[in-house]
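Student: Sending over a structure as structure tokens; questions will come in a sec.
Read the figures in this text as sums done on the coordinates, not as results from a lab. The structure presented is a predicted model; accordingly, all values stated were derived computationally and were not measured. No Cβ is skipped: glycine too gets one built from the backbone with ideal geometry, and neighbour counts run over all protein chains shown.
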Amino acid sequence: MVVMNDQIHGPRWITKTNTTAVQTFASPNAGVIGYVDPASIRFVAPAPALASTRDTLALPANGRLPRVEIVYAHSNMDGAQIDHAIADGAKGIVLAGEGDGDASKEALAALDRAAKKGIVVVRSTRVMSGFVNRNVEVEDDKRGFVVSLDLNPQKARLLTQLLIANGTTNPAKVQQAFSGTF
């Protein structure tokens, strides 16, 4: 849990919403789970369960996480950035997509090339709130893609790095981890 400014937030949902404001942290998809004041700690939603050893992902012994690139989608996007990430040895690519994690046909074709090479491909969104849904606008199962659900690109990158570092690269297993059922 994260406790700041008299509010309690779940770690999955909290995000920084302003570059310099003191009260910058919010949980746009879930809201606060509790409040703290001098007299009490009050939960208004269930506190997140403590992680079990099953949920623990170890850091590599050398402290270096695998290369996972975030690529931001934009209008008239081609596949060049994605192809460069492949050529540069990325083990994972997180698409910060438009809307529901979408991108141009050219960018999706480049992500297909990445997935076929065994690179973990995760679709996220550059939008501040909402979920990226599986198999709605993009056929994720067919393409071997993972969706970040409610995790922003930064959190999706970190989870992808930790999963790859711990030997998890199968898209179905990676998707389970993003769904919280790993």
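Student: Dividing the convex hull volume of the Cα atoms of region 1-115 by its residue count, what figure in Å³ per residue is obtained?
Tutor: Working: hull volume 20.7 nm³, N = 115.
Considering the Cα atoms of region 1-115, their hull volume per residue is 180 Å³.
Student: Which of the trypsin sites (Lys or Arg not before Pro) found in region 29-118 are loop residues per DSSP with 15 or fewer other Cβ atoms within 10 Å of their Cβ?
Tutor: Working: sites: Arg42, Arg54, Arg64, Arg67, Lys91, Lys105, Arg113, Lys116, Lys117; in loops: Arg64, Arg67, Lys91, Lys117.
Here the trypsin sites (Lys or Arg not before Pro) that fit, given the DSSP loop and packing criteria, are Arg64, Arg67, Lys117.
Student: Still on this structure, please answer the following. Counting helices only, and only those DSSP H runs with n ≥ 4, report the 222 nm mean residue ellipticity of the chain as the sum of -39,500 (n - 2.57) divided by its residues, in deg cm²/dmol to the nearest 500.
Tutor: My calculation for the chain gives -7000 deg cm²/dmol from helical runs alone.
Student: Residues of region 88-125 with the amide nitrogen closer than 19 Å to a label point 7 Å from the Cα of Arg67, along Cα-to-Cβ, please.
Tutor: The answer is 88-96, 110-122, whose backbone nitrogens lie closer than 19 Å to the label point.
Student: Could you name the lysines whose alpha carbon sits less than 27 Å from that of Lys116, not counting residues in the same chain fewer than 8 places away?
Tutor: Reachable lysines: Lys91, Lys105, Lys142, Lys155, Lys173.
Student: Could you size up the charge dipole of region 46-182 around its Cα centre, putting +1 on the beta carbon of Lys and Arg and -1 on that of Asp and Glu, and report it in debye to the nearest 20? Please list the in-between numbers first.
Tutor: Values: 16 positive and 15 negative charges, 109 e Å.
It comes to approximately 520 debye.
Student: How long are the three semi-axes of the equivalent ellipsoid of region 2-50, in whole Å, if each is the root of 5 times an eigenvalue of the C-alpha gyration tensor, listed from largest down?
Tutor: Numbers: eigenvalues 67, 41, 11 Å².
The three semi-axes for region 2-50 are 18, 14, 7 Å.
Student: Another question, if that's okay. Taking only Cα atoms and a 10 Å spring cutoff, compute GNM fluctuations for the chain and point out the largest among Val71, Val94, Val146.
Tutor: Of the options given, Val71 has the highest mean-square fluctuation.
Student: How big, on average over all directions, is the shadow cast by the Cα convex hull of region 70-182, in nm²?
Tutor: Numbers: hull surface 24.3 nm².
Averaged projected hull area, Cα only: 6.1 nm².
Student: Let me ask another. Only bridges with both residues in the chain count here: give the DSSP antiparallel percent, nearest 5.
Tutor: Expressed as a percentage, antiparallel bridges in the chain total about 50.
Student: If I stretch the segment between Gln154 and Asp100 completely, what's the gain in nm (0.36 nm per residue apart, minus their alpha carbon distance), one decimal?
Tutor: Working: separation 54, 0.36 × 54 = 19.44 nm, distance 1.62 nm.
Stretched fully, the Gln154-Asp100 segment lengthens by 17.8 nm.
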